[in-house]
Amino acid sequence: MIILGIETSCDETAVSIVKAEGGLESLSFKVLGSAVNSQVKIHEQYGGVFPALAKREHIKNLPLVFQQALTSARTKESEIEIIAVTVGPGLEPALWVGITFAEKLGKKWGVLVVGVNHMEGHIASVLLNSKLQALIFPVLALLISGGHTELIFLKSWTEKEKIGETQDDAVGEAFDKVARMLGLPYPGGPEISKLAEEAREKNISLETKFPRPMIHSKDFNFSFSGLKTAVLYFLRDEKETNKLAVAREFEDAVIETLISKTKAAIKEYLPKTLIIGGGVIANKALRENFLNLKESYSEIEILIPEKSLTTDNATMIAAAGYIEYLRDKKLGGELKAQGNLKMD
Ligand code: KG4
Ligand code: ZN
């Protein structure tokens with residue numbers, strides 16, 4: 001089945017054409033073509049995404065990105081069998097652009113339009129790895145992005161439960177805010193990552209230790225606003241600060257916290273597969289630390305998306321759309337943007 005995926009929930013306008021095969025037990029995907037337009041440069045001056053601007057840019061760029069994706073996939077419009085579009089969570093004005101576009105195409109071509117939860121897309125992003133044979137349940141998924149930090153336990157593709165989430169800032173948001181304090185451009189995650197890496201290479205570290213928030217709490221929740229504030233006070237009180245050392249210590253605090261909470265959830269829920277998805281897993285040190293868990297948990301398959309699929313993209317939306325289609329729910333109703341859409 002050939003699927004058109006559309007993603008406009010935040011600041012990337014993305015379209016992807018994916019060939020999907022198999023049932024829920026034996027999913028396989030192949031990307032035929034994709035295109036993306038990033039608005040990062042436009043939002044940079046605001047230090048974050050400005051919703052009205054995001055909407056305007058999506059309206060302008062989506063038809064072009066769609067044409068580029070079709071051309072790169074060498075696919076005819078008539079070959080597309082379903083359309084998958086993000087309906088939430090995200091910025092509602094931005095989400096509506098994708099939904100309206102998808103519904104117009106769906107009517108024109110007479111094909112089904114499936115609404116996709118963006119976070120399910122981040123989970124599905126690991127399925128694009130051609131070496132993956134089959135996903136073994138139960139699955140524990142840690143989702144870490146600019147808007148979300150959550151742990152999801154999946155007994156199957158239809159039975160899932162959120163077991164923990166952030167009480168305040170998302171981890172990507174903390175990266176972005178700390179980067180801003182250090183005078184680095186938006187989005188801050190990749191910038192902090194570069195400085196932290198340089199600090200490790202040069203053996204530069206900070207004497208002060210930032211907090212590892214909620215690391216000993218008995219639940220699986222997170223909190224990153226205290227860590228962010230600790231960095232703020234540190235920068236305010238210190239006369240001379242080494243940005244490299246601050247970036248490294250902040251990143252280490254985040255890594256230790258995420259790893260520790262994930263280990264606690266593994267102990268309690270005994271998953272056979274661990275998935276880490278979302279933009280923050282583009283972070284090199286974090287990827288290495290999660291992959292190193294293989295040494296202590298040889299019985300668990302650890303899946304991380306390839307780097308290009310960590311941040312927002314439409315390939316993961318097409319994959320999640322196929323799963324939604326296979327779940328055999330009542331599909332085909334009118335779609336609505338849901339800024340705060342939760343995992344069901
Ligand atoms: O998943 P994503 O593209 O968008 C949302 O759904 O939010 O995640 C974006 C977030 C941003 O906060 C960005 O700073 C962060 O992912 N990010 C990183 C890195 N690359 C992107 N954080 C840490 N290290 C990175 N290398
Ligand atoms: Zn995302």
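A compact table of results
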quantity	calculated
Residue list for segment 303-322, given a label point 7 angstrom along the Cα-to-Cβ vector of L291 and an amide N cut-off under 16 Å	303-310
Within the accessible area of the chain (1.4 Å probe), percent carbon and sulfur	50
Nearest-10 value in Å² for the accessible area of T71, using the 1.4 Å probe	100
Ranked order, W157, W109 - accessible area, probe 1.4 Å, largest first	W109, W157
Alpha-carbon Rg with Dmax, taken over segment 85-237, Å	19.6, 63
Diffusion coefficient, µm² s⁻¹, Stokes-Einstein with Kirkwood Rh over alpha-carbon pairs of the chain at 4 °C and 1.567 mPa s	63
Reach of K202 by Cα under 20 Å, taken over lysines that are not fewer than 8 positions away in the same chain	K194, K243, K284
Rg and Dmax [Cα atoms of segment 5-84; Å; Rg one decimal, Dmax integer]	14.8, 46
Cβ-based charge dipole, the chain, positive-most Cα from F29, T310, L70	L70
Distance in nm between pseudo-label sites at D168 and I42 (7 Å out along the Cβ direction from Cα)	3.2
Within-11-Å neighbourhood charge of F153 [Cβ basis; K, R +1; D, E -1]	-1
Heavy-atom accessible area ranking, 1.4 Å probe, most first, across Y325, Y233, Y269	Y233, Y325, Y269
Given charges at beta-carbon only (K, R positive; D, E negative), |dipole| of the chain in Debye	420
FRET efficiency for E334 and K272, using Cβ-Cβ distance with R0 set to 45 Å, rounded to 0.05	0.75
Hull-based mean projected area of segment 139-304, where the convex hull spans the alpha carbons, in square nanometres	9.5
In order through segment 210-220: 3J(HN,Hα) via Karplus (6.51 cos²θ - 1.76 cosθ + 1.60), integer Hz, x for Gly, Pro	7, x, 9, x, 6, 5, 9, 5, 7, 9, 10
Cleavage-rule hits, trypsin sites (Lys or Arg not before Pro), segment 1-97, DSSP coil, Cβ neighbours within 10 Å at most 13	R74, K76
Where the Cα pairs of segment 237-333 fall when distances are cut into 5 Å bins, in %	2, 10, 16, 16, 16, 14, 10, 7, 4, 2, 1, 1, 0
Pairwise FRET efficiency - R56 versus R200, Cβ, R0 = 45 Å, nearest 0.05	0.65
Per-pair calculated FRET efficiency, R0 = 51 Å: L232 and R327 via Cβ, rounded to 0.05	0.70
Fluctuation leader among S125, S308, S296 - the chain, Gaussian network, Cα springs under 10 angstrom	S296
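The values are calculated or read from the model by the stated rules, or taken from the named source; none is laboratory data. This is a predicted model, so every value here is computed, not measured. Backbone-built Cβ (ideal geometry, glycine too); neighbour counts: all protein chains shown. Areas reflect the complete protein model, heavy atoms only, side chains present, ligands, DNA and RNA absent. Shrake-Rupley method; radii C 1.70, N 1.55, O 1.52, S 1.80 Å.
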